[in-house]
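The values are calculated or read from the model by the stated rules, or taken from the named source; none is laboratory data. Remember, it's a predicted structure, so these values are computed and weren't measured experimentally. Virtual Cβ from ideal backbone geometry, glycine too; neighbours counted across all protein chains shown. Each accessible area value is taken on the protein alone, full model and side chains, heavy atoms only, with ligands, DNA and RNA left out. Shrake-Rupley method; radii C 1.70, N 1.55, O 1.52, S 1.80 Å.
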Amino acid sequence: MIRIRIDDKHFGNAQVLGRVHFDIAPGECVALVGPSGIGKSTVLRILAGTDEAFTGHVDRPERMAVVFQEPTLLPWRSVLQNLTLVHPDLGTAGARAALDRVGLAGKETLFPGQLSLGQQRRLALARGFATPPDLLIMDEPFASLDPETAERMLALTESLMATTRPATLFVTHDRAEAERLADRILRLDGAPATLAETT
Amino acid sequence: MRISTERATSPRTVTVLSILLLGALWVVAAALTADPQVLPSPFALAAPFRQELANGELLYHLGQTVVRVLWAFALAMGLGIALGLVMGRSEAVNRWLDPWLVIFLNLPALVLIVLCYLWIGLTETAAIAAVTLNKIPNVTTVIREGARAMDPQLDAMARIYRMSWRRRMAHIVLPQLAPFITAAARSGIAVIWKIVLVVEFLGRSSGIGFQIHLYFQLFDVAMVLVYALSFICVMLLVEWLVLQPWERRVRRWRQA
């Protein structure tokens, strides 16, 4: 079980988060929605373990994966290496299969800069699902894409989630996306922000 | 088909022409001086060059200097990169070490050399230590800038995916630092060999600097030029055969 128990988070003198307590069950997808600037990404960083300056505690699994809004790839390594360097036990065959699942077969030797933004996002998605994680963290993975590309990404994410079923925290400002992907929607609101469960 | 009459001169041709121009200036200056004791013409250097090559002196002293340059370069780059990386990543460490860096940056090379010889003795260790200490602050300053400019998002990605320290260094940190490392290496090697010469001039009995000291006392301008130019040729070879190909390799992904 993944447990988030945030009691207090300050940036300088400003308290941004109050009591934010929730659990994510294995295989469950929890969406975190709320207006921009409310502190959704702060909750995400605390859960991921990249921000440790807060009051409270978090139980998280060993194997985590992340899909950011920006693709966050290694531009100086090939498409294939972007998977194998992050997942050493995946192997070349496994990496090729992962690329195939997101429609990037044949692009192995290119550098990420030679891909379109949509393809870079799909590569980031492939990296997230390449070895099934125990916790998947997604931060606005469909933001600033044109509607058609966003729809394809969303459908792809749905199918990847259906096969691997990781526990997921999905941060978005788009209610429709949240309702489509998530089993449960949490809403962050107020100042300092606290949780209001809506579904 | 359009026939273009004006063709841009290739970069290689420009390099050759520019060096030939410098040589021509030298010939003219030597002719105007009209005193081979003060400024011999480039052609007058051929005979002493062949002589030094034949009796083995040139290669021996060249080798001694190259070994010192390589040692000092490797030590200064290694320590400078490590220090710059730590200082660029940690504000606390930076606050503590920054005053030291400023002091060492402004300490004249000559002072460090003399102090190393006085404290350690007229030894090889003292010579290499003096050169290394002179160069570390510059490398550190450049690498610190690079470390500050690194992408925090890539860092977060690597931490969440639990990439090992070695993989992070090899595939995330060093590729981002590569342009800064090349800049530090290029200015580093040029400064290092100049300081090595001073170190040899002051307290070694081998190397290009020692030979220049010797021929300075004999007022033999031709020999001073032979030794200096030989080493410049070695440095040009390093630039063309090592630094530039390596730079092209690490920049490959940008051009793709």
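Chains A and B together bury some 2200 Å² of accessible area, summed over both sides, with a 1.4 Å probe.
Label sites at B:LEU115 and B:TRP26, each approximated as a point 7 angstrom past Cα along Cα to Cβ, lie 3.8 nm apart.
Region B:27-92 and region A:1-66 have Cα centres spaced 58 Å apart.
Below 24 Å, Cα to Cα, which lysines can A:LYS40 reach? Residues fewer than 8 away in the same chain don't count. Straight-distance partners of A:LYS40: A:LYS9.
Pull out a ≥ b ≥ c, the square roots of the eigenvalues of the alpha-carbon gyration tensor of the protein assembly as shown, then state rounded if a/c is under 1.5, prolate if not and a/b is larger than b/c, and oblate in the remaining case. Prolate, since a/c reaches 1.5 and a/b exceeds b/c. Computed from the Cβ-Cβ distance with R0 of 30 Å, the FRET efficiency linking A:ASP183 to A:LEU117 stands at 0.55.
The accessible-area loss of region B:159-174 on complex formation, taken against its chain alone with a 1.4 Å probe, reaches 50 Å² or more at B:ARG159, B:ILE160, B:TYR161, B:ARG162, B:ARG167, B:HIS171. Bridge orientation summary for the protein assembly as shown: considering DSSP beta bridges with both residues in this region, about 50 percent are antiparallel.
Round to a whole number: what % of the accessible area of chain A belongs to carbon and sulfur, probe 1.4 Å? The nonpolar share, carbon plus sulfur, comes to 48 percent.
Which of the lysines could be linked to B:LYS194 by a straight reach, that is with a Cα gap under 19 Å, when you skip same-chain ones fewer than 8 residues away? Filter leaves B:LYS135. Over all other residues within a Cβ to Cβ distance under 12 Å of B:ARG148, the charged ones net out to -1, with Lys and Arg as +1 and Asp and Glu as -1.
Using Cα pairs closer than 8 Å and at least 6 residues apart in sequence, work out the relative contact order for chain B, in percent. Reported relative contact order: 25 percent. Here the simple spin-label model places points 7 Å from the Cα toward Cβ, and for A:ARG165 and A:ALA191 these points are separated by 4.3 nm.
Remark: the protein assembly as shown carries 51 Å² of accessible area per residue (probe radius 1.4 Å; ligands, DNA and RNA excluded).
Packing around the peptides B:185-196, B:162-173, taken as the average count of other Cβ atoms within 10 Å per residue, puts them in this order, highest first: B:185-196, B:162-173.
Shape call for region A:135-199 from the C-alpha gyration tensor, a ≥ b ≥ c root eigenvalues: rounded (a/c under 1.5), prolate (a/b greater than b/c) or oblate? Since a/c reaches 1.5 but b/c is at least a/b, the shape of region A:135-199 is classed as oblate.
Estimated from the Cβ-Cβ distance and a Förster radius of 35 angstrom, the FRET efficiency linking A:ARG63 and B:ALA92 is about 0.65. Stretched out straight at 0.36 nm per residue, the stretch from A:ALA155 to A:ASP7 would grow longer than its current Cα-Cα span by 49.7 nm. Between B:ALA149 and B:VAL242, the modelled labels are 2.4 nm apart [label points 7 Å from Cα along Cα→Cβ].
Overall shape: prolate for chain A, with the ratio a/c of the largest to smallest alpha carbon gyration tensor axis at 1.5 or above and a/b above b/c.
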